[in-house]
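Okay, so here's the structure we're looking at.
The values are calculated or read from the model by the stated rules, or taken from the named source; none is laboratory data. Please read all numbers here as calculations on a predicted model, not as lab measurements. FYI the Cβ positions are ideal-geometry reconstructions off the backbone, even for glycines, and counts take in every protein chain you see. These area figures cover heavy atoms from the full protein model, side chains too; ligands, DNA and RNA do not enter into them. Shrake-Rupley method; radii C 1.70, N 1.55, O 1.52, S 1.80 Å.
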Amino acid sequence: MSYSDLLFFLGLLPLSTLFSFFDRSTEYKNFILIITSAIFFSWAKPAAVCLLFATVIAEYFIGLGISKNREAGSPLAKVLLAADLIMNAAVFFVCAHNYLFNEIDALSLSQAVIPVGAAYYSVRGFSYCYDVYTGKCRAEKNIFCLLTYMVSYHFMIAGPVVRYGDMEPYIRKRTVGGREINEGLNRFITGLAKAVLLAPVFERIKLAGLNSDEITLFGSWFGMIAFFGEAYFMLAGMSDMARGLGKMNGFDYPENYRAPSSKGLMTGLLESFNTTLVKFYKEVFDGLGRGKKALSAVCTVLCFAALMIWYGAKVNFLLVGIAVGIIAALEKYVYGSKLEKFPAAVKFIYVFIVSTAVLGGLYFSSLYGYRKWLLALIGVGTDYQLSVAVKNAVLNNIVLIIIAFISICPFIRKPLTAAAESYGERSARAYGQVRICKTVLLAAILLLCVITQAAKLAV
Amino acid sequence: MESNIRNIALDAGEENGYAVPEECAESEKAIGELNKENLKAQYDFINLITLVFIFLCAAAVFIIFTSSKRYGDEGNKFSLERLVSGEYTAEIQSRYESSLPFPKQIRWLEERVSLIYGIGNTISDSEGVKEQGGEEMPNSFDEPEQNRHEEKSVTTTTAEEKKTQTKKPEETAPVYKTTYKRTTEETTTTTEETTTVTTTNNDAPQVNTTVTVPPTTEKKTSAATTTTTTKKQTTTSATTTTTSASTTSASEQVSDESSENEAMEE
């Protein structure tokens with residue numbers, strides 16, 4: 001099951017929200033959340049996938065052990081943290097990247113039993129024990145609170161990586177009223193539109209542009225930009241839906257996907273994508289560096305390599321991660337401060353070219369394809385400049401492309417929202433007009449998403 | 001004591017030296033903020049009601065107007081074993097997705113709506129396939145045996161079929177050739193395989209085929225059978241270009257009418 005499935009947002013979500021209102025107590029709301037998460041997690045899969053949640057018991061005892069030994073100054077705390085890392089790494093590789101074990105029968109699982117969201121689940125588990133080890137949060141003595149944090153379906157698929165210390169106050173006490181539901185619904189619908197309406201547009205352009213039967217100059221550029229666009233809008237959409245779901249249940253999750261920007265150079269661009277995960281990884285690896293420049297640089301490289309492995313346990317992901325890590329280390333310790341003084345246009349060109357060339361390696365599983373595409377970027381080996389397929393893919397979806405562009409460009413989006421706000425402040429009537437327009441727009445987007453998803457199934 | 005009590009007339013404040021203080025500017029500001037908050041709450045409520053209404057209407061339409069029962073009937077009986085194994089919920093999902101109400105109307109609506117997404121979108125035919133310049137799903141830059149995207153396995157097949165058809169115009173596409181040689185029952189099977197090839201993300205490939213009929217030894221019966229089969233296969237080929245559902249129904253027609261012919265001949 002996914003957030004964009006009709007059965008989820010027209011079935012499970014309304015029922016779950018309705019049931020959670022039957023009692024005001026936070027314990028009851030946590031109970032409903034756990035039940036809904038179990039249903040979401042095991043839908044159309046064997047109930048045995050819920051055995052993954054048994055790791056919560058291990059996390060609970062490891063957390064208590066780390067806390068006790070840390071206070072006593074015992075090195076056993078490090079040992080327990082390492083054990084937790086190994087356990088979560090095992091869950092991560094076996095469940096999230098099971099294709100690595102295709103030839104090992106004992107570990108190879110069929111697609112039907114692979115639990116969804118195992119990657120984020122394992123990060124969540126390790127982040128809890130890490131925070132207990134570093135003293136950022138105390139070990140939880142109520143296992144049901146920890147269970148609520150670990151199994152919550154809100155951020156099962158696309159994050160954000162919420163730390164236990166940030167979520168604990170909401171787990172213990174939260175209120176859900178009309179305002180929270182309203183904000184949550186708005187956010188959910190926005191995310192749904194990104195995933196259902198915008199991401200498929202970029203997928204079509206990607207497939208038209210990155211076509212080895214018809215290699216063109218503009219197709220190579222547009223295709224790769226569309227590859228990034230598809231990944232961004234799909235994951236950002238899922239993350240927005242997660243924030244909306246959380247808001248409807250009284251949780252306030254951090255922003256996980258910022259608009260791509262060249263402000264922080266390449267490092268800033270990488271940090272704007274899956275912000276909470278990057279932040280956690282940087283925190284862990286920077287802790288290993290501890291002030292020494294050379295060691296910190298190595299840790300930066302390792303951090304981004306590990307981050308890319310998290311996305312895909314494949315050779316090309318590892319190589320791209322190492323390359324990105326080297327660039328991030330160079331920016332931090334060599335030329336970053338000098339480059340910051342350049343005009344914004346120069347920084348933009350630098351980030352655009354470097355990110356396209358380096359991150360484009362994620363798309364290809366062989367150096368052959370990657371090299372072929374790199375040469376096509378400068379016109380080598382291309383049949384012509386622009387193919388009919390790419391032209392049609394762009395023109396047929398130009399309105400959605402413009403909307404997508406506006407949504408991620410702050411220098412267009414901010415003046416528009418500021419103009420609407422200033423108009424709304426003129427009078428109560430003007431404010432009403434602005435609000436009604438927003439409501440009509442959201443309703444139209446919701447209907448479009450429902451029709452699009454239903455049309456995919458109505459074959 | 002009582003003499004100390006004086007009635008103070010507010011109207012005569014100035015005459016008595018008591019100035020009535022003017023309203024504080026900050027209190028006006030606070031009142032303005034409160035009014036804004038109230039206004040915001042009102043429109044938040046309208047927004048919430050509107051969106052919840054749409055959610056509930058859509059949910060109700062997709063539950064009430066179904067073409068088949070989903071829960072608890074013989075095909076999907078509830079049992080603890082089936083629930084634990086995931087079969088029960090998988091069947092519910094499958095039935096929900098396959099029994100959406102008004103499928104033709106939804107597709108019609110989706111095609112009309114997608115006209116506003118850009119320039120040059122057209123609606124192809126009554127079967128409802130949208131043309132987008134006749135583009136097909138391409139391969140990646142990677143060599144074919146290293147293709148790693150799921151849709152590419154589909155597009156590769158489609159592209160190969162099309163390539164086969166363009167290079168050898170007198171031959172049918174592999175699936176249709178096989179279809180012809182088989183009995184009508186096999187025709188149906190082949191068509192079902194075609195159905196599984198088509199993904200929900202891709203548009204149905206534009207496939208034009210010609211069916212050639214080799215001569216057979218049995219003149220009367222086989223000729224009749226051949227004639228019937230040929231005619232129907234042409235129909236099958238044409239409709240395959242549109243949607244897989246159409247293909248299935250056409251092949252069912254083929255199998256029904258061919259079996260009727262065979263029965264009559266017997």
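For the structure I just gave you, tell me whether A:ILE401 is among the β-branched types (Val, Ile, Thr) and facing another protein chain (nearest Cβ under 9 Å). The answer is yes for A:ILE401. Among helices (runs of 4 or more DSSP H) entirely within the range B:24-141, having at least 2 residues that are more than 10 Å from every other protein chain (Cβ to nearest Cβ) and either over 26 Å from A:LEU15 (Cβ atoms) or modelled with pLDDT of 80 or more (or both) singles out B:25-64, B:80-85. With respect to A:VAL201, determine if the residue is surrounded by fewer than 24 Cβ atoms within 10 Å (Cβ to Cβ), under 22 Å from the mean Cα position of the chain (by Cα) and either more than 30 Å from A:GLY73 (Cα to Cα) or among the aliphatic types (A, V, I, L, M) (or both). No. Hey, does the range A:409-416 have a residue that's under 30 Å from B:GLU37 (Cα atoms), open to solvent by 70 Å² or more (accessible area, probe 1.4 Å) and either among the aromatic types (Phe, Trp, Tyr) or at the interface with chain B (Cβ under 7 Å from one of its Cβ atoms) (or both)? Checked the range A:409-416: at least one residue is under 30 Å from B:GLU37 (Cα atoms), open to solvent by 70 Å² or more (accessible area, probe 1.4 Å) and either among the aromatic types (Phe, Trp, Tyr) or at the interface with chain B (Cβ under 7 Å from one of its Cβ atoms) (or both).
In the set (1) crowded, with 20+ Cβ neighbours inside 10 Å; (2) under 21 Å from A:LEU18 (Cα atoms), A:ALA195 fails one condition alone, (2).
The number of residues in the range A:425-443 that are open to solvent by less than 50 Å² (accessible area, probe 1.4 Å) and either more than 10 Å from every other protein chain (Cβ to nearest Cβ) or more than 30 Å from B:LEU56 (Cβ to Cβ) (or both) comes to 1.
Being at negative phi, at pLDDT 90 or above and among the aliphatic types (A, V, I, L, M) holds for only one residue in A:ALA119, A:ALA139, and it is A:ALA139.
Exactly one residue among A:VAL358, A:VAL320, A:VAL354, A:VAL324 is at pLDDT 85 or above, in contact with a Leu (Cβ under 6 Å, 6 or more places away or on another chain) and under 18 Å from A:PHE273 (Cα atoms), and that residue is A:VAL320. The residues listed here are A:ILE171, A:ILE157, A:ILE225; of these, the one that is within 27 Å of A:VAL56 (Cβ to Cβ), more than 10 Å from chain B (Cβ to nearest Cβ), in contact (Cβ under 8 Å) with a residue 60 or more places away in the chain and open to solvent by 10 Å² or more (accessible area, probe 1.4 Å) is A:ILE157.
Just checking, does the range A:70-79 include any residue being modelled with pLDDT of 85 or more, away from chain B (no Cβ under 14 Å) and open to solvent by less than 30 Å² (accessible area, probe 1.4 Å)? Yes, the range A:70-79 contains at least one residue that is modelled with pLDDT of 85 or more, away from chain B (no Cβ under 14 Å) and open to solvent by less than 30 Å² (accessible area, probe 1.4 Å). Among the residues of the range A:264-297, write down those that are in a loop (DSSP other than H, G, I, E, B) and without any contact (Cβ under 8 Å) to a residue 24 or more places away in the chain. Of everything in the range A:264-297, those that are in a loop (DSSP other than H, G, I, E, B) and without any contact (Cβ under 8 Å) to a residue 24 or more places away in the chain turn out to be A:GLY264, A:ARG290, A:GLY291, A:LYS292. Which of the residues that make up the range A:1-23 are more than 8 Å from chain B (Cβ to nearest Cβ), free of Cβ contacts under 8 Å to residues at least 40 places away in the same chain and over 24 Å from A:ALA118 (Cα atoms)? Result: A:LEU15, A:LEU18, A:PHE19, A:PHE22, A:ASP23. For the range A:401-429, a residue qualifies if it is farther than 20 Å from A:ARG204 by Cβ and β-branched (Val, Ile, Thr), and the qualifying residues are A:ILE412, A:THR417. Answer yes or no as to whether A:SER110 is free of Cβ contacts under 8 Å to residues at least 12 places away in the same chain and out of contact with any Asp or Glu (no Cβ under 6 Å at 6 or more places or on another chain). So A:SER110 fits the description; yes. Scanning the range A:343-365 for residues that are part of a loop (DSSP other than H, G, I, E, B) and without any contact (Cβ under 8 Å) to a residue 40 or more places away in the chain returns a single hit, A:PRO343. Taking the criterion of being surrounded by fewer than 20 Cβ atoms within 10 Å (Cβ to Cβ) and within 12 Å of chain B (Cβ to nearest Cβ), the residues of the range A:26-50 that qualify are A:ALA38, A:ILE39, A:ALA44, A:PRO46, A:ALA47, A:ALA48, A:CYS50.
Name the pairs whose Cβ atoms lie under 8 Å apart, with the first residue in the range A:424-449 and without any contact (Cβ under 8 Å) to a residue 60 or more places away in the chain and among the β-branched types (Val, Ile, Thr), the second open to solvent by 30 Å² or more (accessible area, probe 1.4 Å) and outside any loop (DSSP other than H, G, I, E, B), and 6 or more positions between them or separate chains? From residues that are without any contact (Cβ under 8 Å) to a residue 60 or more places away in the chain and among the β-branched types (Val, Ile, Thr), the pairs are A:VAL434/A:ALA420; A:VAL434/A:GLU421; A:VAL434/A:TYR423; A:ILE436/B:TYR43; A:ILE436/B:ILE46; A:THR439/B:TYR43; A:THR439/B:ILE46; A:THR439/B:THR50. Within the span defined as the range A:202-216, every residue fails to be in a helix (DSSP H, G or I) and more than 14 Å from chain B (Cβ to nearest Cβ). Among the residues of this structure, A:ASN182 does not count as one that is open to solvent by 10 Å² or more (accessible area, probe 1.4 Å), within 10 Å of chain B (Cβ to nearest Cβ) and not hydrophobic (A, V, I, L, M, F, W, C). Residues in the range A:127-140 that are buried (at least 21 other Cβ atoms within 10 Å of the Cβ) and hydrophobic (A, V, I, L, M, F, W, C): A:CYS129, A:VAL132, A:ALA139. Quick check on A:VAL56: is it within 14 Å of another protein chain (Cβ to nearest Cβ) and open to solvent by less than 20 Å² (accessible area, probe 1.4 Å)? No: the conditions fail for A:VAL56. Hey, among A:PHE93, A:PHE101, which residue is of a type in the set (A, V, I, L, M, F, W, C), surrounded by 14 or more Cβ atoms within 10 Å (Cβ to Cβ) and under 19 Å from the mean Cα position of the chain (by Cα)? The match here is A:PHE93. I need the full set of residues from the range A:373-399 which are in contact (Cβ under 8 Å) with a residue 40 or more places away in the chain, open to solvent by 30 Å² or more (accessible area, probe 1.4 Å) and within 30 Å of the chain's Cα centre (by Cα), in order please. If the condition is that a residue be in contact (Cβ under 8 Å) with a residue 40 or more places away in the chain, open to solvent by 30 Å² or more (accessible area, probe 1.4 Å) and within 30 Å of the chain's Cα centre (by Cα), then A:VAL394 is the only one that fits.
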